[in-house]
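Contents: one structure, followed by commentary.
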Amino acid sequence: MTRPLGVALLGLGTVGSAVARAMGDREKRLAATAGRALRLVGACARDPGKPRDAGGVPVTADPFALLDDPEVDVVVEVIGGMEPARDLQLAAFERGKHVVTANKELVAREWRQLHEAARLAKRELRFEAAVGAAIPVVAAARALGAVRPRVLSGLLNGTTTYICSRMEEGAAFDAALAEAQAKGYAEADPSADVDGWDPAYKLSILVSLLEGRWFPPDGVRRSSLRSLTLEQVAEAAARGSAVRYLAVADFGERATKARVGIEEVRASSLEGQATGPTNVVRLETDLAGTLTFVGPGAGGNATAAAILGDVIAIAQRGA
Ligand SMILES: NC(=O)c1ccc[n+]([C@@H]2O[C@H](COP(=O)([O-])OP(=O)(O)OC[C@H]3O[C@@H](n4cnc5c(N)ncnc54)[C@H](OP(=O)(O)O)[C@@H]3O)[C@@H](O)[C@H]2O)c1
């Protein structure tokens with residue numbers, strides 16, 4: 001009988017805990033879709049003593065206890081940020097493990113280094129959860145290699161959508177941001193959301209996939225949401241529009257231009273109707289017309305769904 005595919009979680013916060021719970025509550029479904037059993041070998045966190053809702057997974061503070069464990073086939077990095085996530089992903093490849101991650105910053109910034117490490121190790125680097133959480137936009141971008149993309153636009157950040165929609169209801173910017181943080185939408189550092197880093201990383205990843213070469217996140221022009229005023233929001237509403245923090249890539253004949261910032265959309269559009277973590281991705285192409293993807297772009301469970309989809313794909317390939 002095939003041995004279960006061993007999974008280790010680096011990070012056991014919002015996303016890591018949701019992965020652990022899902023692995024515990026749907027063992028049979030995962031085994032059926034993956035074609036073999038999946039086994040959560042252990043998890044790593046900063047403070048192993050912290051109470052968490054993560055089933056009975058053994059927790060260590062030492063990531064190398066998991067990286068060096070021969071029972072671990074797939075390392076799921078859900079710590080976030082650049083370090084130690086980068087060193088740990090590279091260490092995982094050096095030890096012949098596959099890597100699945102939700103870390104958009106690291107994938108966008110270290111695209112070349114991580115892909116090269118995976119290639120040399122003959123292992124997979126998968127990051128469906130890094131863009132649009134449960135919406136399979138990374139898979140879609142990979143599947144659309146034959147089309148010429150014309151314009152990609154949409155909402156890739158729930159915090160900024162929430163702030164825009166609350167300002168439509170009259171809330172001030174600072175109050176709306178505080179609410180987004182209280183609801184758990186905002187990144188730990190709100191600058192990642194309101195100054196556009198988070199959607200810039202996601203846009204960089206989608207453009208890189210669609211073009212087949214790295215489009216660095218520093219190439220995405222960013223303007224902050226902080227300058228948005230209640231007057232601007234009211235003026236847009238009077239025109240039947242809504243203000244949203246949009247991510248746009250324009251795939252010109254010569255050079256692709258990408259930007260994130262404040263734009264007006266029709267109030268009745270999917271973008272104008274979105275009020276929170278709902279993400280929208282519209283892709284205009286030559287052969288395939290316009291494709292639209294909508295769904296939950298954040299949250300532990302939605303992100304766990306994408307991560308486990310990647311683990312299943314690795315299992316199906318006979319890892
Ligand atoms: N939350 C979402 O909705 C969402 C959606 C899509 C993608 N993501 C991405 O998913 C990743 C994780 O996000 P999250 O919301 O789950 O973050 P989080 O709740 O802050 O969890 C981070 C986890 O990493 C652990 N950790 C931090 N530093 C560590 C270190 N040096 N060594 C070992 N473990 C360490 C923490 O340990 P302690 O628990 O002991 O502090 C915690 O368990 C990020 O890349 C994020 O951008 C999140």
| message | Step by step: first the residues of segment 9-25, then only those that are farther than 18 Å from Ile314 by Cα and surrounded by fewer than 22 Cβ atoms within 10 Å (Cβ to Cβ), then the one that is nearest to the ligand (Cβ to nearest atom). Which residue is that? | response | Gly13
| segment 281-310: number of residues that are part of a strand (DSSP E or B) and within 16 Å of the ligand (Cβ to nearest atom) | 4
| field | Residue under evaluation Leu230, criteria (1) over 17 Å from Ala130 (Cα atoms); (2) hydrophobic (A, V, I, L, M, F, W, C); (3) surrounded by 15 or more Cβ atoms within 10 Å (Cβ to Cβ), criterion not met | value | (3)
| field | Only one of Arg52, Arg39 that is away from the ligand (no atom under 12 Å from the Cβ), basic (Lys, Arg) and not assigned by TED's automatic domain parsing to the domain that holds Leu209 | value | Arg39
| Which numbered condition Cys44 misses (of (1) surrounded by 17 or more Cβ atoms within 10 Å (Cβ to Cβ); (2) more than 10 Å from the ligand (Cβ to nearest atom); (3) not aliphatic (A, V, I, L, M)) | (2)
| said: Restricting to segment 196-205, and then to whatever is within 11 Å of the ligand (Cβ to nearest atom) and under 18 Å from Cys164 (Cβ atoms), can you tell me which residue is surrounded by the fewest Cβ atoms within 10 Å (Cβ to Cβ)? | reply: Trp197
| request: Scan segment 196-233 residue by residue and report those that are of a type in the set (Ser, Thr, Tyr), in contact with a strand residue (DSSP E or B) (Cβ under 9 Å, 6 or more places away or on another chain) and part of a loop (DSSP other than H, G, I, E, B). | output: Ser223, Ser224
| field | Residue count for segment 60-106, restricted to those that are touching a residue at least 40 places away in the same chain (Cβ under 8 Å), acidic (Asp, Glu), within 12 Å of the ligand (Cβ to nearest atom) and surrounded by fewer than 24 Cβ atoms within 10 Å (Cβ to Cβ) | value | 1
| message | Considering only segment 263-274, I want to know if a residue exists there that is within 27 Å of Arg21 (Cα to Cα), surrounded by fewer than 21 Cβ atoms within 10 Å (Cβ to Cβ) and touching a helix residue (DSSP H, G or I) at 6+ places or on another chain (Cβ under 6 Å). | response | no
| task | Would you mention how many residues in segment 144-195 are in a loop (DSSP other than H, G, I, E, B) and away from the ligand (no atom under 14 Å from the Cβ)? | result | 10
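The values are calculated or read from the model by the stated rules, or taken from the named source; none is laboratory data. None of these values were measured; they are calculated from a predicted model. Here Cβ is always computed from backbone atoms with ideal geometry, including for glycine, and neighbour counts include all displayed protein chains.
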